[in-house]
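> Have a look at the structure that comes next, please.
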Amino acid sequence: MASIKDVAAEAGVSVATVSRVLNDHPSVSEDARTRVLAAVEALGYRPNAVARSLRTDQTRTLGLVISDVLNPYFTELARSVEEEARALGYSVIIGNADERPDLQDHHVRTLLDRRIDGLLVSPTDGGSPLILDAARAGTPMVFVDRWIPGVDVPVVRSDGRAAVRDLVAHLHGLGHRRLAIIAGPAATTTGSERVEAFRAAMAEYGLPLPDAYIGQGDFQAESGRRVTEGFLDLPEPPEVVFAADNLMALGALDAVRARGLRVPRDIALAAFDDIRWFVHTDPPITAIAQPTGELGRAAVRALVDRIEGRPPQSVTLPARLVVRRSCGEPAHPEPPAPEEFPASPEPSPAMNRSQT
């Protein structure tokens, strides 16, 4: 394998000049730069990333800790993070917290020990001492999707409140009055925000929301199944179950089918976090879609800004309602799968970006 000395000899320059070219130093002449890059190509030279990190104190590596790799939303988020990081010259190491705070902290500790340049986290709860300590110590960090209130770290997320209101308005327009929710964990910002948005929308439309119609889930399928079974056992079951994430919606669908019931004939179903599977269920599921790809890309850009000395920014993008046929809607041509939707526009500074 070619070394940096081989490149220098091939280009007829010093090793220091080769190093300056590879690090994009402005003091190198165009002639020397051209010869060095030609030598790199001819010899197939690849810089030693480990050795470079020892000299520059950078590894060109980002850490990403996601809440649940089995959740298609987070899988798509991780994919967009990796693609954007690669485009900016960084690699990504991913840790799966599996919705467990202890496992989340294990991955955070491991990534920090590996001297990553920055950390992207979707917190599983709001009180991890390790994340708080890392933030206070100045570790370049960005929260994505979820966040820890009061921590001075940029947040890249979607705002689903308007979309939840649109969903309740849609259900009200279809004639539904008994609406129930499978809520996510109250310790997560997304869990608490979605149930509060649902509660506010129900009040706006004059619809009651008894405690029996609020089920506590954990963003995983089994909890969706368990809560829905409880709803179905009520003396007056709800007409609609709104699951606050996609896996709980799939669990709810399993519970309905296990009773020999049909969606939407016997009970309607809607979900937060649209995924490509929802267009293939029978019937296709009405859902709230987040701009997942753009969230991942924006999170990487914010983190790289922080690493490279530019002021990072928080970003908030709107979620939107995607109407299908799981709530008793009339038949109509199905909308495209989530990944085929037009990309969300760059958020305007005035409306969706705030300096942190």
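> Relative to the longest principal axis of the chain, what angle (0 to 90°, nearest 10) does the C-alpha long axis of helix 221-232 take?
Roughly 10 degrees between the two axes.
> Report in % the part of the accessible area of the range 78-165 that belongs to carbon and sulfur, leaving out ligands and nucleic acids; probe 1.4 Å.
47 percent
> Something else: Order of 259-271, 176-188, 30-42 by packing, highest average Cβ count within 10 Å first?
In descending order of packing, they fall as 176-188, 259-271, 30-42.
> Treating the beta-carbon of each Lys and Arg as +1 and of each Asp and Glu as -1, no other charges, what is the dipole magnitude of the range 210-283 about its Cα centre, to the nearest 20 debye?
Value, rounded to 20: 280 debye.
> Given the Cα atoms of the range 199-246, and with Rh set as the inverse mean 1/r over their pairs in the Kirkwood sense, what is Rg to Rh to two decimals?
Rg divided by Rh gives 0.97.
> Oh, and also: When the helix-only estimate is applied to the chain (DSSP H runs of n ≥ 4, each -39,500 (n - 2.57), divided by the residue count), what is the mean residue ellipticity at 222 nm, nearest 500 deg cm²/dmol?
-13000 deg cm²/dmol
> In addition: Amide H neighbours of residue 271 under 5 Å, counting only residues 5+ apart in sequence or on other chains, H built in-plane at 1.01 Å?
243, 287, 288
> Treating the Cα atoms of the chain as identical point scatterers in vacuum, please give the log10 of the normalised Debye intensity I(q)/I(0) at q = 0.10, 0.13, 0.15 Å⁻¹, two decimals.
Result of the Debye calculation: -0.68, -0.98, -1.21.
> Same structure, new question: How many angstrom lie between the Cα centre of the range 3-32 and the Cα centre of the range 247-323?
Going from one Cα centre to the other spans 49 Å.
> Given 5 Å bins starting at zero, what is the percent of C-alpha pairs of the range 212-272 in each, up to the one with the largest pair distance?
4, 22, 37, 26, 10, 1
> Here's a follow-up. Residue 258 to residue 214: extension gain in nm, 0.36 nm per residue of separation minus the Cα-Cα distance?
The residue 258-residue 214 span can extend by a further 13.7 nm.
> Let me ask something additional. Using Cα centres only, tell me the gap between the range 117-163 and the range 204-219 in whole Å.
27 Å
> Ordered by residue, what ³J(HN,Hα) values in Hz, to whole numbers, does the range 61-68 give under the Karplus form 6.51 cos²θ - 1.76 cosθ + 1.60, where θ = phi - 60° and Gly and Pro are x?
10, 10, x, 10, 10, 9, 6, 7
> Something else now. Pairs of alpha-carbon atoms within less than 8 angstrom and 6+ residues apart define the contacts here; what relative contact order does the chain have, in percent?
Across the chain, relative contact order equals 15 percent.
> Moving on. Express the relative contact order of the range 155-280 as a whole percentage, based on alpha carbon pairs under 8 Å and six or more residues apart in sequence.
Dividing the mean separation by the residue count of the range 155-280 yields 24 percent.
The values are calculated or read from the model by the stated rules, or taken from the named source; none is laboratory data. Keep in mind that this is a model prediction, so the values were computed, not measured. Every residue, glycine among them, receives a Cβ derived from its backbone with ideal geometry; neighbour counts consider all protein chains shown. Just the protein is used for accessible areas: all its heavy atoms, side chains included, with ligands, DNA and RNA removed. Shrake-Rupley method; radii C 1.70, N 1.55, O 1.52, S 1.80 Å.
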